[in-house]
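The values are calculated or read from the model by the stated rules, or taken from the named source; none is laboratory data. The structure presented is a predicted model; accordingly, all values stated were derived computationally and were not measured. Neighbour counts are summed over all protein chains in view; Cβ atoms, including those assigned to glycine, are modelled from backbone coordinates with ideal geometry. Calculation scope for accessible area: heavy atoms of the full protein, side chains included, ligands and nucleic acids excluded. Shrake-Rupley method; radii C 1.70, N 1.55, O 1.52, S 1.80 Å.
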Amino acid sequence: MDPSVSEVTKPSKIKMLQHKAIESIINHVIEYETPKVVTVHNPSIGLLRRSLQLGVVLYVGLYQLWYAQGYQEFADMESSVTTKVKGYSQSSLGSKRPPIPSAQSMMYERVWDEADYVVPPAENGAFFVTTNVVITPNQTMGHCPEDPGEVPESICTDSNNCMANKHLIKSHGPQTGRCIPTDRPAKYGNITVCEIQSWCPVEDDRLVLGNDTSLITGSENHTVFIKNSIRFSYFGDRFHRNNMPDHVCIYNFTDPDSWMCNIFKLGDIVAAAGGDYLTLSISGGV
């Protein structure tokens, strides 16, 4: 084999390969593919296809969008309500002064602020305001007569009617077995009752000013600040609302401009609910 022929043939083969590679690249650049569509006239397949398309449209339009409201997102709401009562009142026995020792008068004639009449200071979804009180001063643990008004079964004639460690319904403590005179003859007369072991003297539920007047007056003008806040944290901080206006103001039922205020008078709240504040302040209510 002639070496000169081999040397000439190799360059020609390389040029041919280069030419084919360039031609293949150009063909890939300028050529394109297109699908071929075949129309089949078949009633069964055509109706099945249209039925499936209609079913998809009805499912998306009627169920997902209209009934299930699938275009909406739902998230739990975080809410809080805060209340704070403000104001003070002054109690006085007035002209109906009952027979109370002068040393105990200061318990009734005094100034009451929110630390005194809001008991407990915080409640779940509510607040408590004291408007009338029953005070039993100087109670100590010991032995004393039972209250025959609350426990009529405690009335006795001698110690045989009293049994040691016996518990009566509504009793303030267990009996000691002794029959002694009552400590409230002005209310019940000269009778004898069973002695009990309890906090003495037992509580006297009589209202100091009777059933016509509450001891703590002026509480209808106390104000309560109610702050309501809601947040949808799933959607971000901009979905946070509360009832705090640009300034703090007192709600007035007759002034529409104040209807966004969040400070209310206790008397106005009771009146809006159809109640009578005077009656409520004497006997209490929820």
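Data overview
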{"read-out": "Qualifying residue in the stretch 210-223 (condition: within 23 Å of the chain's Cα centre (by Cα) and open to solvent by less than 70 Å² (accessible area, probe 1.4 Å))", "value": "yes"}
{"read-out": "Contacts under 7 angstrom Cβ, first residue in the stretch 148-159 being at negative phi and open to solvent by less than 60 Å² (accessible area, probe 1.4 Å), partner in a strand (DSSP E or B) and among the aromatic types (Phe, Trp, Tyr), 6 or more apart", "value": "none"}
{"read-out": "Matching residues, the stretch 206-234, being within 21 Å of Met260 (Cβ to Cβ), among the aliphatic types (A, V, I, L, M) and either at pLDDT below 85 or out of contact with any Phe, Trp or Tyr (no Cβ under 6 Å at 6 or more places or on another chain) (or both)", "value": "Ile226, Ile230"}
{"read-out": "Odd one out for Ile282, checked against (1) in a helix (DSSP H, G or I); (2) under 20 Å from the mean Cα position of the chain (by Cα); (3) of a type outside the set (Gly, Ala, Ser)", "value": "(2)"}
{"read-out": "Odd one out for Lys36, checked against (1) part of a loop (DSSP other than H, G, I, E, B); (2) basic (Lys, Arg); (3) within 30 Å of Phe239 (Cα to Cα)", "value": "(3)"}
{"read-out": "Filter pass, Ile250 being open to solvent by 80 Å² or more (accessible area, probe 1.4 Å), touching a strand residue (DSSP E or B) at 6+ places or on another chain (Cβ under 6 Å) and at pLDDT 85 or above", "value": "yes"}
{"read-out": "Residue count, the stretch 100-137 (criterion: more than 19 Å from Val81 (Cα to Cα) and free of Cβ contacts under 8 Å to residues at least 12 places away in the same chain)", "value": "5"}
{"read-out": "Residue count, the stretch 160-185 (criterion: outside any loop (DSSP other than H, G, I, E, B) and either touching a residue at least 24 places away in the same chain (Cβ under 8 Å) or farther than 25 Å from Pro99 by Cα (or both))", "value": "9"}
{"read-out": "Leading residue by the ranking (most open to solvent (accessible area, probe 1.4 Å)) among those in the stretch 113-132 that are touching a Phe, Trp or Tyr at 6+ places or on another chain (Cβ under 8 Å) and closer than 30 Å to Ser102 by Cβ", "value": "Val119"}
{"read-out": "Cβ pairs under 9 Å, 6+ apart, first in the stretch 202-230 and in contact (Cβ under 8 Å) with a residue 60 or more places away in the chain and more than 20 Å from Gly285 (Cα to Cα), second open to solvent by less than 20 Å² (accessible area, probe 1.4 Å) and among the aliphatic types (A, V, I, L, M)", "value": "Val202/Ile196; Phe225/Val85"}
{"read-out": "Within the stretch 38-87, considering residues that are under 38 Å from the mean Cα position of the chain (by Cα) and of a type in the set (D, E, K, R), the one nearest to Gly125 (Cα to Cα)", "value": "Lys84"}
{"read-out": "Qualifying residue in the stretch 93-102 (condition: within 60 Å of the chain's Cα centre (by Cα), open to solvent by 90 Å² or more (accessible area, probe 1.4 Å) and either among the small types (Gly, Ala, Ser) or at pLDDT 85 or above (or both))", "value": "yes"}
{"read-out": "Condition met for Tyr63 (at pLDDT 80 or above and part of a loop (DSSP other than H, G, I, E, B))", "value": "no"}
{"read-out": "The one condition in (1) surrounded by 11 or more Cβ atoms within 10 Å (Cβ to Cβ); (2) of a type outside the set (Ser, Thr, Tyr); (3) touching a residue at least 60 places away in the same chain (Cβ under 8 Å) that Asp76 fails to fulfil", "value": "(1)"}
{"read-out": "Condition broken by Lys187, with the remaining ones in (1) surrounded by 14 or more Cβ atoms within 10 Å (Cβ to Cβ); (2) closer than 30 Å to Tyr117 by Cα satisfied", "value": "(1)"}
{"read-out": "Within the stretch 223-249, tally of residues that are out of contact with any helix residue (DSSP H, G or I) (no Cβ under 7 Å at 6 or more places or on another chain) and assigned to a strand (DSSP E or B)", "value": "11"}
